[in-house]
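Working notes, beginning with the structure itself.
The values are calculated or read from the model by the stated rules, or taken from the named source; none is laboratory data. On a predicted model such as this, the values are computed, not experimentally measured, just so you know. Here the Cβ positions follow ideal geometry from the backbone for every residue, glycine too, while neighbour counts run over all protein chains shown. All accessible areas refer to the heavy atoms of the entire protein, side chains included, with ligands and DNA or RNA removed. Shrake-Rupley method; radii C 1.70, N 1.55, O 1.52, S 1.80 Å.
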Amino acid sequence: MLIGIKGLLQTAAIAAAFSLWPNFALASLPPIMPTGEVERGMTGEAFTVVDNGGLRSFRVDIVGLMDNGKGAQPMIMAKASGELIDRVGGILQGMSGSPVYIDGKLVGAVSAGLKEMETSTFFITPIEEMLKLWEMPDEKGKITRNPVDIKQISEENKKWRENLFKKKDEPAAKEGKEQAKTDEEEKTTDDNNAEEKSATASDDKGGEEQATTITDAKEGEAAADTSKNGDNDEENTASENKENTEEKNNWYFAGFNGLGQSYAQKHLSSILPGAGASVGSGYFAAGAGQKTGDTDYNAYLEAGSPMGVALVYGDFSVGATGTVTAVDDKKIVGFGHKFLHKGNVSYFLTDGAVVGTMSGPTAGVRLATLGNIIGRVNQDRNAGVAGELGVFPEVVPVKIHVKDKDLGREDDYGVRIAYDENLLAQLAATVAYAAMSKTADSLDESTARISFTVRTDAAKNGKIERNNMFYGASDVGQTAVTELLQAMAIVCANTDEESGVFDVQVDAQIERGRKTASLISAVPDKTKVKPGETVKFTTVIKPYRKNKETLVIPYTVPKRQPAGNLSLDIRGGGLVPLTQLAALQQAGVDLSPQEDKTIPTRTKLENFVSTGKNNEIIIGPGQLPQGDAPRRSRYKKADVKKDEHTVKLLSEKKKPEGETKFATEYIIDNVIHATLQIEK
């Protein structure tokens, strides 16, 4: 076991021996210097990596202590100097976590600097604050439903690839041919559904796309204006800029092209503070496009070496790179500040490789890549991130197949997303969009066919299956991933229990052009019918810039339909039947979002799957059948029965009586009306 950094710092010659550390298997925590012993004027050394030459040191002069008040984290203000600092241009983004020592004792970690100020002055997070992370509760670590285990699933993964994307052709609408869908098709029960608790993890390595290392523009924790040395100019400057600090880690996005980065910037900014603002304007790391590594079960990290925290890993990667502060056997702590500040977490811990540095007059960046998955980050706190080597987070494997029909180009993508129900839906949609944008020649003025399967114990048969068509004049991809996002959000918002998501499979086909059609007419073969009788509607549609087409669609009148006129909507499946919503509201039914909370997650998913598709023609009542609408006078506002009735009314939509669905090869974009006279 290593004796720690204490002995290695006794002389410069021994300090140079850091490059020999890879010969050792484990490291132990060196002695520490509490903040109370740190004084202005002390001199020490910090260690970091700025190229492929291993650990290097630079001089650190203590400027003063920043006491942020009761309950707040103290900070140490310092100034860096020396040949290394002069060469790279100061303290850079990516150096956060670099350990600082005084007299061979670990003081803390480089954590933040001042925005738009000279780059050699920085703040140190005290090591005693960081070591507290190892003692924090780890409830996430008790979940072992679907951890990374490449050895166990390699053969399963091979079979999965062979059978993953079997095409499911949608039924074509042919002239004069009758086709009815009066009921939702019964879903085939998967023998390996909700009981299957160990999903296949993707062992695909990352894409060859040039990686993008992003400087983190997050504002750090404010430095208080009370210091031990208030007469020092630099301390006063820090106090005046207490809310203008930036943390010295890098956001890392790899595998994304320009469109993918723009989408991530727009849609991830709300869940990844600081990342969204930087995605589109970050640094391209030349030479950093190396493939993401794999899982290393026997890895280790040393203080001062690069490390990473990843949310998504594979052909697309999302995370941040920083520096290791301290190692004790298999426990690590680094960064010196928060990642997302989410407390107890379960993210990928990776090693890393430094490509080089870039600097400017007020800012600079150390370009680094995520390397192998080597463990699990379990704490994301104000003082830093902490984790453990050799144990791994729960993951959701995502497989995406994309075909550009015009170019004849097909690609498969694979990622693993660390399970966090607050991030999973947006991250899955982001990588699906990124995959489409990379394979398709263009997403403008295009039509997309999307099908996906989400295996989850939240669904009745252990999986959610959905396919649909979308058209976008400017970017069809953003519209096409909305249903995947919606399905995942329903699962992750389960109020009864935390749902297991075992894997996600997406199949996308993109073709140039607009495949939409408008309904022109729908003429029944008879206008007077009896309950239970079938009527054939000769329906004319006009595809965009094509000749009209005629379809014959049978419609069966509900057996309980009362005598009188029956108003019917003939509409595209993606259009909301506003007349039904209006009838419910007029009847006194409360359709506010709060009511939705009473519907079970499984029912929400069934409703989602049975929702009309954009390429379907749906024939159904234009308003609630007589006798089925609730009466306003029957229920009072606070009457529990009203809630029960509303839940039943909104949830029992799987097989609506008197509704026919007819699939076409076009997205139907309008509504027309017809009337039948129902006889006794």
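Test of understanding: among Gly108, Gly113, which residue is under 29 Å from Phe392 (Cα atoms) and in a strand (DSSP E or B)?
Gly108
Could you count how many residues in segment 486-519 are open to solvent by 40 Å² or more (accessible area, probe 1.4 Å), under 20 Å from Asn607 (Cβ atoms) and either at pLDDT 95 or above or not charged (D, E, K, R) (or both)? Going through segment 486-519 one residue at a time, the tally reaches 4.
Inside segment 304-363, counting only strands (runs of 3 or more DSSP E) that do not spill past its ends, which hold 2 or more residues that are within 20 Å of Ile124 (Cα to Cα), open to solvent by less than 10 Å² (accessible area, probe 1.4 Å) and touching a Leu at 6+ places or on another chain (Cβ under 8 Å)? Counting at least 2 such residues, we get 306-314, 317-328, 331-334.
For beta carbons closer than 7 Å, sequence separation of 6+ or different chains, a first residue in segment 554-566 that is in contact (Cβ under 8 Å) with a residue 12 or more places away in the chain and a second that is open to solvent by 40 Å² or more (accessible area, probe 1.4 Å) and aliphatic (A, V, I, L, M), the qualifying pairs are Pro554/Ala180. Among the residues of segment 37-72, the one identified as surrounded by 21 or more Cβ atoms within 10 Å (Cβ to Cβ), part of a loop (DSSP other than H, G, I, E, B) and within 34 Å of the chain's Cα centre (by Cα) is Val50.
For the criterion of being open to solvent by less than 10 Å² (accessible area, probe 1.4 Å), in contact (Cβ under 8 Å) with a residue 12 or more places away in the chain and closer than 19 Å to Lys463 by Cβ, Ala435 fails. Look at Ser610 and say whether it is small (Gly, Ala, Ser), modelled with pLDDT of 50 or more and more than 13 Å from Ile570 (Cα to Cα). Here the answer is yes, as Ser610 does meet what is asked. Scanning segment 73-83 for residues that are in a strand (DSSP E or B) and within 17 Å of Thr119 (Cβ to Cβ), we see that the one that is most open to solvent (accessible area, probe 1.4 Å) is Lys79. Taking the criterion of being farther than 24 Å from Thr603 by Cβ, open to solvent by 40 Å² or more (accessible area, probe 1.4 Å) and in contact with a strand residue (DSSP E or B) (Cβ under 8 Å, 6 or more places away or on another chain), the residues of segment 452-485 that qualify are Tyr471, Gln478, Thr479.
Criterion applied to Lys542, Lys546 was being outside any strand (DSSP E or B), farther than 16 Å from Ala663 by Cβ and modelled with pLDDT of 95 or more, and the one residue passing it is Lys546. Checked against the criteria, Ile400 does not count as open to solvent by less than 10 Å² (accessible area, probe 1.4 Å), in contact with a Leu (Cβ under 6 Å, 6 or more places away or on another chain) and either on the phi > 0 side of the Ramachandran plot or at pLDDT 95 or above (or both).
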